[in-house]
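Let me begin by presenting the structure, written as structure tokens, before commenting on it.
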Amino acid sequence: LVILVPEHLVQDAQTQVYRYCLNLNFREEYRVFDSIFSLMHQNVQLGESSSKRFLNFTRKPMKMIFVTSFNQFKKALTNDSICAKVQPHREHILVVADEVDDFLDRNKLVFNICSNKSNAFDRETLDLYFEVSLATYNGRKCPDTLLASSSNPQYWKQLHDKFCAIHAEIQDASRSINKSFGIFNQQTLKHCSSNIMHDIEGYKSLIARPYESVNRAMPGSYFSDVERTIYLTYVILIQDIAKYDELFQGERKFISFEYWSSYFLHQLDYDDLVYGHEKLSEIAQNYPKTKDGLTRFLFEIILRRMEIRDKSRSVSSIDVIFNFDCIGFTGTPFLDNYPSFSYIRQQREDEIPDLIDRSFYVYSCDDLSETDFEKRFEKFQGRNKNVLVEYVSSDFVRDSNEEMLTLEKIFEREELKDNVIKYDEDPNPELTDNGIRFNVIVDLCGIFKRSSIDDVCSLIKTHCGPDQFHYIYHIDQADNSDRVLCINSGNDVQFDQEFYKYMCKKYGANLRKRIFFFVDNRNVIGKDIPFQLIYQRQFRQPLFIKSIILAHDVDDFSKIWQAMGRSRTMNGTIFSIYKSGMSNEIAQDGVGVLDIKKQKLTRKLYIRNCEQKMAGNISSIYLTLISLYNLNKQSFYYCDEIVNTFLEKMERTISENVV
């Protein structure tokens, strides 16, 4: 038995499996493994090899239970020794996948292991990359005189255009696509280490995936475009040079006298530069004219260390479905449908069984009336049939340069609405102590990606006062555990059953007025906030009074619904969905909450989601063919050489490699 869960749920799943197995009296001998890579050990055998002889009797094969994550399982299937053990026993392995919608999501479908090779950039190439980056950052045209001396001027002109597009993109702080920028900047992704070695390893193990799959929960699985990385390297050197203090300290002794003469002659003494103790950031601040020379020096070092992707082994979720009997569970039923392992094994040729109920799908060509649409949407909702929402414009986020200023504006907007809006169907008529009606924020798109929980705590304490909320719930960025931060003392503790009982004893039914939930939903989609149902059964009211969903530029209705689902009591919680680019007709500022299925924007997003899922099915045909090819080769993974297009373009070798 292989139990697959998202990365952040592995520990919880292991605990539940241990507890369940200890409470059962298995007649057969069994073992539980907390790592799928236990299969690499010679003593861990499958099938008849796992049986033992006792006196003159041979015991039955041992039952084995493996609890692991989606990507760890795929990663294991790229290991030849594990594949050799698993392949002959596929028919006797059952895979149980929780949150199967995430398992089959196009953005997480493929997991690749990439091997790299050292780059061979010569001096001229390094200089050109620097000059094009410099020109882009300063808004200048491509340096034609310098490019004329290169062997391929056209490539560098095209690169300049690409860099300009990237530069424009990273200036828009409101776009969630800006998360890609944070891979190499500790300030922009909370789970990145502040240690410079993390970044150097990031450059050395530069992973570029043949498909569009990205899963930031797996170390080393980032999608990276080499040219994009090169430009972002320059940007960070300019904007965050202190990050490279440690690197410079180790490399400064290699600055030559000639290099010093060219860039530092009238600024800094040679011995002070090479053998001194001033930090890189201090030199750049005290002697501003040295920054160009320092940037050039470090830029070359980083690019020389950067490796280029070479080969990959790819395993997709479809490979798992085609090779094992699978059972899946999900809360968001927008799924692709694939033939099962049993169907393939029996060599059936009849119509593939439809394992997914698509009766609630709606397409624009259906042109349904409002009544018919609401009936189909109710099928999608399941038990959550009384969900009250309002859509609020989030265009103001684009004009805000500071994340905490954005959060403060959200508080002010909600307070203003409380003064003017009357809720006709309000399940929570009472206000919290100072009139703030919401106690939950779900950051779906990374608006607060640079801010720490301490920043959030400081703002809430300043804005609401020290007596409004006493605790802030948050998700630990290191291990995705549930934490609670005390606003007044600053103590950060585990949000476990013992602490929940303590808070219930202290506050009773008023607990929901004393705890604020700040949910970073980017890395932990699908994570449940604990004790909601227990609280509701005990006090007959939801723990979430009102939930603010910061969708902003996210148009995927599945993700918005998942973010709303952080409230396990959706029928009792009011939702404000902050969305950008809404027309005045759709935006509901000052109108109030309505049933979600009666909203115009709900219909628009829902139909778009259904049609995109169908488009996703079509686009996954290629991956399906790859998986069928792997199945025919009796392989779990697909091995290929990665085409480094930027090298081909730069060296003018594309035509030689095209047949």
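Readers should treat all values here as calculations from the given coordinates under stated rules, not as data from a laboratory. Here the structure is a predicted model, which means the values were calculated and not measured. Counting neighbours? That spans all protein chains shown, and the Cβs are built from the backbone with ideal geometry, glycine included.
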Debye calculation, C-alpha points only, no solvent: report log10 I(q)/I(0) for the range 248-316 at q = 0.12, 0.18, 0.27, 0.29 Å⁻¹, in the same order as the q values. -0.38, -0.66, -1.36, -1.51
Using the structure shown, list the pairs from LYS501/LYS546; LYS253/LYS291; LYS162/LYS649; LYS108/LYS385; LYS141/LYS162; LYS63/LYS85 with a Cα-Cα distance above 19 Å, or answer none. LYS501/LYS546; LYS108/LYS385
Sort 367-376, 280-289, 260-269 by packing, meaning the average of other beta carbons within 10 Å per residue, with the highest value first. 280-289, 260-269, 367-376
Give me the aspartates and glutamates in straight-line cross-link reach of LYS311: C-alpha distance below 12 Å, same-chain residues under 8 apart excluded. ASP640, GLU641
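Taking 8 Å as the Cα distance limit and 6 or more residues as the minimum spacing, I'd like the relative contact order of the range 308-415 as a percentage. The partial results should precede the final answer.
Numbers: 38 pairs, mean separation 17.1, N = 108.
Relative contact order, the range 308-415: 16 percent.
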Pairwise label distance in nanometres, ASP357 with VAL643, each label 7 Å out on the Cα-Cβ vector: 4.5 nm
Within the range 458-537, percent of DSSP bridges classed antiparallel, to nearest 5: 75 percent
Largest to smallest principal axis extent of the C-alpha atoms in the range 341-396, angstrom: 55, 29, 25
At R0 = 25 Å, how high is the FRET efficiency between LYS157 and ILE238 if r is their beta carbon distance? Nearest 0.05 is fine. 0.65
